[in-house]
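The values are calculated or read from the model by the stated rules, or taken from the named source; none is laboratory data. None of these values were measured; they are calculated from a predicted model. Note that each Cβ is placed from the backbone with ideal geometry, even for glycine, and that neighbours are counted across all protein chains shown.
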Amino acid sequence: MAGAPVVLIVDDDAAIRALLRELLHEAGYASLEAADGLEAIRLLEDDALRARICLVLLDLNMPRADGIAVLQHLAAGRRMVPVVAMSANIGQLLEARRLGVAAALEKPFELDTLLALVGRLCGDPS
């Protein structure tokens, strides 16, 4: 997968990260993972790494630092990376929209919908 577009998966649920990783890899994308917002912020502060990331799939409801904190950090540092926010909480999704996410998905969502968004925001992996 050298040269494949990289998607950062940020979710505290290991099973969801595994599902998204497999889905993305089958579609031809590479992935990185973070189990919480603090880990995501650390990865996104690395300029060279951030330059390789075409999209962040961001769960909004996580311990330590939630997805809203990640979005606020990105906005404060003017680190522009497209983000798809994911949550079952409509209030969180509305706040994420206010903070400028590329898209907001209410959980549970269709995997085909997610893949279509990834393709639109990252381009064709081949």
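Per-structure values
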item	result
Residue within the stretch 65-85 that is among the basic types (Lys, Arg), under 24 Å from residue 14 (Cβ atoms), more than 10 Å from the chain's Cα centre (by Cα) and not in a strand (DSSP E or B) present	no
Residue match in the stretch 87-99 (condition: aliphatic (A, V, I, L, M), at pLDDT 95 or above and within 16 Å of residue 9 (Cα to Cα))	no
Top-ranked residue in the stretch 39-74 [being within 20 Å of residue 117 (Cα to Cα) and surrounded by fewer than 20 Cβ atoms within 10 Å (Cβ to Cβ); ranked as modelled with the highest pLDDT]	54
Hits in the stretch 91-126 - residues which are of a type in the set (Asp, Glu), part of a helix (DSSP H, G or I) and surrounded by fewer than 18 Cβ atoms within 10 Å (Cβ to Cβ)	112
Residue match in the stretch 22-31 (condition: modelled with pLDDT under 95 and within 25 Å of residue 125 (Cα to Cα))	no
